[in-house]
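FYI, it's all coordinate maths here, none of it is from the lab. Just so we're clear, the structure is a prediction, and the values are computed from it rather than from any experiment. So basically every Cβ, Gly included, is an ideal-geometry build from the backbone, and we count neighbours across all protein chains shown.
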Amino acid sequence: MTDDTPIKLAASVHVVRRQSGLLLHCRRTGQTLRLSAAAAALLPPLTQGSSVGGLVQAMRTAFPNATGLSQKVQGFLAPLERNGMLAVDESTAASQGARTWPPRHVLLRSSAWLDPLVAALLRVPAGARKAAWAMLVAGCTMLLWQLQSSGLWPGLKHALMEFDLRGLLIFVGVVLVHETAHALTCRMAGAPVRAAGIVWHGGMMPGPFVDTSHASYLPSRWARFAIPAAGPMVNLLGAGLCAAMLLQHPDASWADAWRSAFIVCVAFVFFDLNPLVASDGSHMLEAALDDELARQVALRPELATLTSRRTIRAYRFACVLWVTTMAAHFRWWW
């Protein structure tokens, strides 16, 4: 870019304030970048539209004793351009408002069908909703304990060798409720669900998805926490349902199907909480730490220059705890 190159922040870019500082989030690409205190001085001219030379002059005004400003501004603009956050003129900026989806996504319909259910749930007092969730989780935990105490907890190795495909059908139902729970929680928190449909994982396995990326604009970290947390909660409820069926009808014709579904539900509770990859668990941790980039910087030290050491230590501790717990559980289960 030359000094005369017009430059402007794309219309799809939103500034998000967090404890860790300012973040730029692009609705079109889903990318997030953190701003340093110095780079934040460039936001007003970038939002209004300027040129590379204008940005250099703005930096010179804000930091009169700084040197090498032209190189620093170029270094600041490079990741913005790479992540689709810049528009060189008004027409380009206006055209970048809609997110483009890769071919592996098949969009189905809007989330308007959720409106009556959202309205009904919002009429229930918040305390009652939280109490109901707590009772459901407690009930599922008791059912899992009873299943283990009764000796009916299916062994992982044996159950995998005799896996019943009907159990997979039950789990598909759990997954549909899982994604619906994300969408409901997002809408109830006040953020829109941008899209819903089917994604082809690895280009082969279909699965439902909902786009709750607008949740990043919610000011409450616990509202942002609840949206990804709804998924693992549904997996736990699915495991509780399977446990109840096995306790009530251990020898029924569908017992093998419930055992198979139980195995998959419990396994996905653990896998969905994996903080090492982009998952519901990592999004829950990032919301609790009030830092959408916590996973990236915790796992890649070279990116950690703008993140507090406390956040990095907390995230890495959660990773160690998850690996240890999963290894111990599956060792016992096998």
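Rounded to whole numbers, the Karplus 3J(HN,Hα) couplings from phi for the range 80-86 are 5, 5, 5, 9, x, 9, 10 Hz, using 6.51 cos²θ - 1.76 cosθ + 1.60 with θ = phi - 60°, and x at Gly and Pro.
At residue 62 and residue 248, where each label point lies 7 Å from the Cα along Cα→Cβ, what is the point-to-point distance in nanometres? Simple spin-label model gives 6.2 nm for this pair. Note on residue 36 and residue 130: with the Förster distance fixed at 45 Å, the Cβ-Cβ geometry gives a FRET efficiency of about 0.70.
When peptides 266-275, 58-67 are ranked by their average number of other Cβ atoms within 10 Å per residue, the highest-first order is 266-275, 58-67. Taking amide H positions as placed 1.01 Å from N in the peptide plane, with prolines and chain starts having none, which residues 5 or more places from residue 5, or on another chain, fall under 5 Å of its amide H? It is 52, 53, by chain and number.
According to the square roots a ≥ b ≥ c of the eigenvalues of the Cα gyration tensor, what is the shape class of the range 105-272, taking rounded for a/c under 1.5, prolate for a/b larger than b/c otherwise, and oblate for the remainder?
oblate
Relative to the longest principal axis of the Cα atoms of the chain, the long axis of helix 126-149 makes an angle of roughly 50 degrees. Length gained on full extension, residue 48 to residue 17: 9.2 nm, using 0.36 nm per residue less the C-alpha separation. Between the listed residues 255, 53, 41, the Cα displaced farthest toward the positive end of the dipole of the chain, a dipole computed from Cβ unit charges relative to the Cα centre, is found at 41.
To the nearest 20 Debye, how big is the dipole of the range 105-272 about its Cα centre, given +1 on the beta carbon of each Lys and Arg and -1 on that of each Asp and Glu? Write out the running numbers ahead of the final one.
Values: 11 positive and 8 negative charges, 123 e Å.
Once rounded to the nearest 20, the dipole reads 600 debye.
When shorter helices are ignored and each DSSP H run of at least 4 residues is given -39500 (n - 2.57), the per-residue value for the chain at 222 nm works out to -18000 deg cm²/dmol.
Roughly how many debye, to the nearest 20, is the charge dipole of the range 6-95 about its Cα centre, given +1 on each Lys and Arg Cβ, -1 on each Asp and Glu Cβ, and no other charges?
Computed about the Cα centre, the dipole is about 300 debye.
What is the angle, in °, between the Cα long axis of helix 309-333 and the longest principal axis of the Cα atoms in the chain? Nearest 10 is fine, range 0 to 90. For 309-333 against the chain, the angle is about 20 degrees.
The length gained by stretching the chain between residue 3 and residue 271 to full extension, at 0.36 nm per residue less their Cα-Cα distance, is 91.6 nm.
Here's the list of lysines a cross-link from residue 72 could span, going by alpha-carbon distance under 29 Å and ignoring same-chain residues fewer than 8 apart: 8. Against the longest alpha carbon principal axis of the chain, how many degrees, from 0 to 90 and to the nearest 10, is the axis of helix 52-62 turned? The helix 52-62 is inclined about 90 degrees to the chain. Under the simplified labelling scheme, the residue 121-residue 316 pair shows an inter-label distance of 3.7 nm, with each label point 7 Å from Cα along Cα→Cβ. What the phi angles of the range 167-178 give under the Karplus curve with 6.51, -1.76 and 1.60, with θ = phi - 60°, is a coupling list of x, 5, 5, 4, 5, 4, x, 4, 5, 4, 5, 4 Hz, glycine and proline written as x. Here the simple spin-label model places points 7 Å from the Cα toward Cβ, and for residue 156 and residue 333 these points are separated by 0.5 nm.
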